[in-house]
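Novice: Sending over a structure as structure tokens; questions will come in a sec.
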Amino acid sequence: MSEKFFIGSHVSMKAPDYFLGSVLESLENGANTLMFYTGAPQNTKRTPVENCKIEEALDLLKNKNFDLDKIVCHAPYLINLANRTTKEKEEFSINLLISEINRCAAFHTKLLVLHPGMSLDLTIDEALNNIADGINKAINKTDNDVIICIETMAGKGSEVGTNFSQIAYIIDKIQNKDRIGVCLDTCHINDAGYDLNEPDNILDEFDKIIGLDYLKVIHLNDSKNFKGARKDRHANLGKGTIGFDKLFAFAHNARLKDIPKILETPWIGEKSPYKQEIEMLKTGKWFDIEK
Ligand code: FE
Ligand code: FE
Ligand code: ZN
């Protein structure tokens, strides 16, 4: 394994240690990067940043030689920038995105993953226009260098951002291109119909349509469903339809060398699988994780 392999997982952030706890959990798993939510993704309750042990966490990250630029935060699921059925709904999503961008900056975290949204009863183009406009407003109202990374979606319900063209359409409309990027989720692109047996075709297409420079985060997950199922159910590595060998090859693809890979695979019973899955991704040797 090259020393430039950036691997981590989604980790919790909770009382009493908050961000420091997230870092300790990552170290325990053998990770050298991580992804956290600044609070529960399903609600807007947030612990004040002063209580999140950010300075202690940053000291430890520096001490352990983590690259701070590779650390990832995930925005709450409640944000749907496409939805402008009422002024309140429009403002709710934009304001929540603004507050998450500012929280991210307080955590010295640069990469904020965002689900682009649901089209509901709009056309896809209308939805994409609203999303681009919402992102522009949020960027214009935040004075920091946080990069909003639009996640590739599986296509469940009316999700948009299910192919590279839709994401390119949004990026094209973003005024400040330094603040926009992409998060590619392997489970989601499989479910959206991309063939992970041909990783170089995927990366060629990504490069042609979006540009690989915009790719900032990989979510590395197996999928419980077949290619094109539009479902979005993550599986543990080697326990889904993509398979360990394909995911290992993707994670170690030379064109993705500097990009952090983040596991969001499901827990096995009461246990986090991340320590074992990180080990598999370092060694290339799959093993069955026991309950
Ligand atoms: Fe996500
Ligand atoms: Fe994801
Ligand atoms: Zn997912």
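The values are calculated or read from the model by the stated rules, or taken from the named source; none is laboratory data. No experiment lies behind these values; they were computed from the predicted model shown. Neighbour counts run over all protein chains shown; Cβ positions are idealised from the backbone, glycine included. The area values use the complete protein model at the heavy-atom level, side chains included, leaving out ligands, DNA and RNA. Shrake-Rupley method; radii C 1.70, N 1.55, O 1.52, S 1.80 Å.
Novice: Give the residues of the range 227-266 that are of a type in the set (V, I, T), more than 12 Å from ligand 2 (Cβ to nearest atom) and open to solvent by less than 30 Å² (accessible area, probe 1.4 Å), sorted by residue number.
Specialist: I242, I259
Novice: Moving on. I'm trying to understand the selection: among the residues of the range 271-287, which are away from ligand 2 (no atom under 16 Å from the Cβ) and touching a residue at least 24 places away in the same chain (Cβ under 8 Å)?
Specialist: S272, K275, I278, E279, M280, L281, K282, T283, G284, W286, listed by residue number.
Novice: Residues being open to solvent by 10 Å² or more (accessible area, probe 1.4 Å) and within 14 Å of ligand 3 (Cβ to nearest atom): count how many of those fall in the range 143-167.
Specialist: Number satisfying all stated conditions: 4.
Novice: Can you find even one residue in the range 205-220 that is touching a His at 6+ places or on another chain (Cβ under 9 Å) and open to solvent by less than 10 Å² (accessible area, probe 1.4 Å)?
Specialist: Yes, the range 205-220 has at least one match.
Novice: Something else about it: Output the residues belonging to the range 210-226 that are under 20 Å from the mean Cα position of the chain (by Cα) and away from ligand 2 (no atom under 16 Å from the Cβ).
Specialist: I210, G211, L212, D213, Y214
Novice: Take the residues in the range 207-253 that are out of contact with any helix residue (DSSP H, G or I) (no Cβ under 8 Å at 6 or more places or on another chain) and within 15 Å of ligand 3 (Cβ to nearest atom), then tell me which one is farthest from A154 (Cα to Cα).
Specialist: V217
Novice: Would it be correct to say that G193 is open to solvent by less than 10 Å² (accessible area, probe 1.4 Å) and over 14 Å from the mean Cα position of the chain (by Cα)?
Specialist: no
Novice: Which of the residues that make up the range 86-131 are part of a loop (DSSP other than H, G, I, E, B) and surrounded by fewer than 19 Cβ atoms within 10 Å (Cβ to Cβ)?
Specialist: Matches in the range 86-131: T86, H108, L120, D121, T123.
Novice: Given (1) over 23 Å from I180 (Cβ atoms); (2) open to solvent by less than 30 Å² (accessible area, probe 1.4 Å); (3) out of contact with any strand residue (DSSP E or B) (no Cβ under 7 Å at 6 or more places or on another chain), where does I7 come up short, assuming only one miss?
Specialist: Failing condition for I7: (3).
Novice: How about the range 240-258: which of its residues are under 15 Å from V217 (Cα atoms) and among the charged types (D, E, K, R)?
Specialist: R255, K257, D258
Novice: Residues in the range 66-85 that are surrounded by fewer than 21 Cβ atoms within 10 Å (Cβ to Cβ) and in a helix (DSSP H, G or I): how many?
Specialist: Within the range 66-85, residues that are surrounded by fewer than 21 Cβ atoms within 10 Å (Cβ to Cβ) and in a helix (DSSP H, G or I) number 2.
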